[in-house]
Amino acid sequence: MDIQGMITRSRTLAMGIPSKMKAFFQNSVAGFLIESKNIGDSAIYIKYWALTWAAIFKLILKLLFKKGPVVLVRELMHYPWLFVFLRATGLMRRFTRGRKGHYLESTCLIVYYIALTVVQIMENIFYRPERVIIGEDLVTPEIPFAMGLHTWQLEDFGILLPFIYPEFAQKYIDASENEGINPDACSFVKNAAGMILKGHMPKGVAIISSNMPCDAGATIYSFVQREYNVPIYRLDVPYNFYNDRAEDLFTKDLKEMVKWLEQHTPGRMDWNRLREVCKARNRMMELELELWEMLRIKPAPLAAEAMYLSHMWFFYVVPGDKLSVSLFEKLVDLARKNLKSEAHAVEPERYRAVLWNPPFPHYPYIINDMERAYGITLIMDSMTYNRHKFIDTSTPDSMLKGLAHIMMQGPMVRHTRGPAENYLDDIFRIYKQFDLDMVWIANHVGCKSGQAMNGILREKCREMKIPLLILDYDLIDPRIVSHEGMVRQVDYFMENVMRAKRLEGRIQEG
């Protein structure tokens, strides 16, 4: 492939593009080729751009040839959001702007591997619907996997799709509010409800839910059960969960869930299969801990999506899957290569930050923008940071107890339930562990429990002289706070608190 020739032709083509097409062109593969000055980086990008498209077309072509054109059209009408995945390479472009080398490749890997797992999940929906169950996003699916079941994590696609298309959730949020769901409720919950109301979700043969992570997240499953009219099992996580009694109680609850699934689904527990899944999850965790150790080195070898998006998707949607293990092995390898060659993720790395609370699904590339604007390296986020134990795979009881520990201390749950120390202590622990320069709070307006902690956090950060940015936004609805409004908040903080000047003036378009 003549990479240099492609770059030259793309730059020539870019001249005279109408302004209204500029954003589209910048977010295309041609836009990357114009921007990049390195043939090696261009080759990396083109490789994963092509692989991602191949994964998407594999899903469509396989359905066409196995089920025929009529079924293909019917399924696309049932799941119209599948068309959003045709924009996946646009997300790759926005994530990778200004990045190079192994950091560039780590970002491309994430997008490509997510595409692979989406194909895997949708094939289960299309070809094995009798084994599909609906699962809450914080009830990790290792147990259903071991029982030969396929879990549709109800909320996860509702948070992934705005990454690709920022306005994705708006019609679903509006549909929920029109149906009577409280407008002040979390948009994450309203989006899932809206997708169900419009019939754009698979039904499943049963539902597993819990009382996590918050009241809105738990109560929505009464609505889900009403709409689907299938059996439901509700797990009950104790309010104070950092003790042996809570783990024993929740382990018993998981045992009852296994019996219930065997009564209401075709699934049957295979303890050897569960052992394989748990061992693979342990391997993922071992690799992630190695990444964390490398991140303590300044400047960091990897950052951003390689850390937070890898954990958010692969530990909670496909834990213990061979694709997930493969991804983390590749990420560790890329980080090692950067350390060996003394290459950095962000150049220059001027500041190191943690992002607390959920990320910014409708504007995830604000992280890329701030890398280029101020040299900020996002080291870690609260969804990723945990103190989980490795799962003891010696007996069925020990495996269930290990999974109970993980679920009870899931993201958001471990920080927004129980006493205030659950929220605060990890922030200060991570600040010291990674030698950070600032703390960012993603202040989702729909999360009342998180907002209630801001006053205490401000006082603690003043005492400890930790720069704190509380960035107001809505999780998946960009109409509440625009992208420009979010950037203005960062600019104000960097100029007035950090006394920093911009390295680069403009944010991304499109």
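Collect the residues in the range 193-227 that are in a helix (DSSP H, G or I), closer than 27 Å to Q409 by Cβ and either of a type in the set (D, E, K, R) or touching a Pro at 6+ places or on another chain (Cβ under 8 Å) (or both), keeping them in residue-number order.
Across the range 193-227, the qualifying residue is only D215.
State which residue is modelled with the lowest pLDDT when the search covers only the range 219-268 and only residues that are among the small types (G, A, S) and more than 27 Å from the chain's Cα centre (by Cα).
A246
Looking at the range 83-115, which of the residues that are without any contact (Cβ under 8 Å) to a residue 60 or more places away in the chain and over 18 Å from the mean Cα position of the chain (by Cα) is farthest from Y365 (Cα to Cα)?
F83
Quick one: I476 ticks every box in (1) closer than 30 Å to F145 by Cα; (2) of a type in the set (V, I, T); (3) touching an Asp or Glu at 6+ places or on another chain (Cβ under 6 Å) bar one, so which box is it?
(3)
Checking Y79 against (1) touching a residue at least 24 places away in the same chain (Cβ under 8 Å); (2) among the aromatic types (F, W, Y); (3) farther than 14 Å from L160 by Cβ, only one condition comes out false. Which one?
Condition (3) is where Y79 drops out.
Quick check, is I470 surrounded by fewer than 19 Cβ atoms within 10 Å (Cβ to Cβ), closer than 23 Å to R350 by Cα, touching a residue at least 24 places away in the same chain (Cβ under 8 Å) and under 23 Å from the mean Cα position of the chain (by Cα)? It would help to see each step written out before you state the result.
Numbers: surrounded by fewer than 19 Cβ atoms within 10 Å (Cβ to Cβ): yes; closer than 23 Å to R350 by Cα: yes; touching a residue at least 24 places away in the same chain (Cβ under 8 Å): yes; under 23 Å from the mean Cα position of the chain (by Cα): yes.
Yes.
Quick test for you: out of I159, I134, I110, pick the one residue that is of a type in the set (V, I, T), part of a helix (DSSP H, G or I), modelled with pLDDT under 95 and crowded, with 19+ Cβ neighbours inside 10 Å. If you could, list the steps in order and put the result at the bottom.
Values: I134 fails: part of a helix (DSSP H, G or I); I110 fails: modelled with pLDDT under 95.
When all the criteria are applied, what remains is I159.
With touching a helix residue (DSSP H, G or I) at 6+ places or on another chain (Cβ under 6 Å) and over 24 Å from G101 (Cα atoms) as the only criterion, which of F315, F390, F328 stands out? Walk me through it before giving the result.
On the way: F315 fails: touching a helix residue (DSSP H, G or I) at 6+ places or on another chain (Cβ under 6 Å); F328 fails: over 24 Å from G101 (Cα atoms).
None of the other options fit; the residue is F390.
If a residue must be closer than 17 Å to K432 by Cα and either in contact (Cβ under 8 Å) with a residue 24 or more places away in the chain or not assigned by TED's automatic domain parsing to the domain that holds P419 (or both), how many such residues does the range 448-467 contain?
5
Residue check, E177 against (1) assigned by TED's automatic domain parsing to the domain that holds L403; (2) among the acidic types (D, E); (3) at pLDDT 95 or above, all met but one. Which one?
All conditions pass for E177, except number (3).
Given the range 431-502, what helices (runs of 4 or more DSSP H) lie entirely inside it while holding 3 or more residues that are modelled with pLDDT under 90? If you could, list the steps in order and put the result at the bottom.
On the way: elements: 448-452, 454-464, 483-496.
Ranges flagged: 448-452, 454-464.
For R93, state whether it is part of a helix (DSSP H, G or I), over 20 Å from M201 (Cα atoms) and among the basic types (K, R).
In short, yes.
Determine whether I207 is closer than 24 Å to Y127 by Cα, hydrophobic (A, V, I, L, M, F, W, C) and surrounded by 15 or more Cβ atoms within 10 Å (Cβ to Cβ).
Values: closer than 24 Å to Y127 by Cα: yes; hydrophobic (A, V, I, L, M, F, W, C): yes; surrounded by 15 or more Cβ atoms within 10 Å (Cβ to Cβ): yes.
For I207, the condition - closer than 24 Å to Y127 by Cα, hydrophobic (A, V, I, L, M, F, W, C) and surrounded by 15 or more Cβ atoms within 10 Å (Cβ to Cβ) - is met.
Can you name every residue in the range 166-188 that is free of Cβ contacts under 8 Å to residues at least 60 places away in the same chain and either in a helix (DSSP H, G or I) or buried (at least 24 other Cβ atoms within 10 Å of the Cβ) (or both)?
K171, Y172, D174, A175, S176, E177, N178
Check whether at least one residue in the range 115-124 is modelled with pLDDT under 95, within 20 Å of Y228 (Cα to Cα) and outside any helix (DSSP H, G or I), and report yes or no.
So far as the range 115-124 goes, no, none of its residues is modelled with pLDDT under 95, within 20 Å of Y228 (Cα to Cα) and outside any helix (DSSP H, G or I).
What number of residues in the range 317-346 are buried (at least 21 other Cβ atoms within 10 Å of the Cβ) and free of Cβ contacts under 8 Å to residues at least 40 places away in the same chain?
Of the residues in that region, 0 qualify.
The conditions are (1) aliphatic (A, V, I, L, M); (2) in a helix (DSSP H, G or I); (3) surrounded by fewer than 20 Cβ atoms within 10 Å (Cβ to Cβ), and V230 fails exactly one of them. Which is it?
Condition not satisfied by V230: (2).
The values are calculated or read from the model by the stated rules, or taken from the named source; none is laboratory data. None of these values were measured; they are calculated from a predicted model. When we count neighbours, we look across all protein chains shown, and the Cβ atoms used for this are built from the backbone with ideal geometry, even at glycine.
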